[in-house]
Amino acid sequence: MIRQFVFIFFIIGSSLIFQKSYVPVDQGSKVHFVIRNFGINTGGDFTGLKGSINFDPKALSSSKLDVSIAATTVDTDNSSRDKSLRSDEYFDVKKYPEINLASTKISLANNSEGAYIFTGNITIHGVKRGITFPFNAELVNGDYVFTGNFDLNRLDFGVGEKSAVLSNKVSISLKVIAKQK
């Protein structure tokens, strides 16, 4: 009985010891969104990445991603629009300064190396919703590059109001560079 306990403790402990920890960085990363406004695709970016990433493709059950961006950094190349997006009508960045993405499960997609499924929560404007989307992870010089795409309905998060000219659907594309701690 003691041997079994020691063996189980060793297995659990060694998986925690050998799992690599990473931090997301802005340099080289891109958090981009696209939304139709007056029938034209309009896009922008966010910066201010922070958080923690524990990722090991051989130990997905213990892998976790918890990453935030600064909502205050929204940049659409139009200062008037950016000011409006930061206001309480949209992101209300004074009250909700961060947008967060946190996993509850990471799984392999189609038994394909480098392709995964993210399951977790996204919190925007103080509203947390479940989300699942495919992503890729590529190890480059000891650091990871995570890429993925997903769509959201902005009204689900209380971002703006129903509009005849502004789409509810927002497409998000991620490229997150994660440096080893």
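Key figures
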{"quantity": "Hits in region 164-176 - residues which are in contact (Cβ under 8 Å) with a residue 24 or more places away in the chain and either surrounded by 17 or more Cβ atoms within 10 Å (Cβ to Cβ) or farther than 25 Å from residue 53 by Cα (or both)", "calculated": "165, 166, 167, 169, 170, 172, 174, 176"}
{"quantity": "Test for residue 111: is it more than 21 Å from residue 35 (Cβ to Cβ), open to solvent by 40 Å² or more (accessible area, probe 1.4 Å) and in a loop (DSSP other than H, G, I, E, B)", "calculated": "yes"}
{"quantity": "Count of region 133-153 residues which are closer than 26 Å to residue 169 by Cβ and not in a strand (DSSP E or B)", "calculated": "0"}
{"quantity": "Some residue of region 53-68 being touching a helix residue (DSSP H, G or I) at 6+ places or on another chain (Cβ under 6 Å), buried (at least 18 other Cβ atoms within 10 Å of the Cβ), at pLDDT 95 or above and among the aliphatic types (A, V, I, L, M)", "calculated": "no"}
{"quantity": "Residue 30, sole failed condition from (1) farther than 15 Å from residue 172 by Cβ; (2) open to solvent by 40 Å² or more (accessible area, probe 1.4 Å)", "calculated": "(1)"}
{"quantity": "Residues located in region 24-47, provided they are in contact with a helix residue (DSSP H, G or I) (Cβ under 6 Å, 6 or more places away or on another chain) and in a strand (DSSP E or B)", "calculated": "46"}
{"quantity": "Hits in region 144-163 (condition: open to solvent by 30 Å² or more (accessible area, probe 1.4 Å) and of a type in the set (D, E, K, R))", "calculated": "151, 156, 161, 162"}
{"quantity": "Filter result (farther than 17 Å from residue 158 by Cα, open to solvent by 90 Å² or more (accessible area, probe 1.4 Å) and part of a loop (DSSP other than H, G, I, E, B)) within region 74-105", "calculated": "77"}
{"quantity": "Pick from region 129-148, criterion β-branched (Val, Ile, Thr) and touching a Phe, Trp or Tyr at 6+ places or on another chain (Cβ under 9 Å), ranking: nearest to residue 110 (Cα to Cα)", "calculated": "132"}
{"quantity": "Residue match in region 91-101 (condition: at pLDDT below 95 and in contact with a strand residue (DSSP E or B) (Cβ under 8 Å, 6 or more places away or on another chain))", "calculated": "no"}
{"quantity": "Failed condition for residue 179, given (1) open to solvent by 30 Å² or more (accessible area, probe 1.4 Å); (2) within 19 Å of residue 32 (Cα to Cα); (3) part of a strand (DSSP E or B); (4) touching a residue at least 40 places away in the same chain (Cβ under 8 Å)", "calculated": "(2)"}
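The values are calculated or read from the model by the stated rules, or taken from the named source; none is laboratory data. Note that the coordinates shown come from a computational prediction; the quantities given were computed from them, not determined experimentally. Quick reminder, even Gly has a Cβ in these numbers, built from the backbone with ideal geometry, and neighbours come from all protein chains shown. SASA here: full protein model, heavy atoms, side chains in, ligands and nucleic acids out. Shrake-Rupley method; radii C 1.70, N 1.55, O 1.52, S 1.80 Å.
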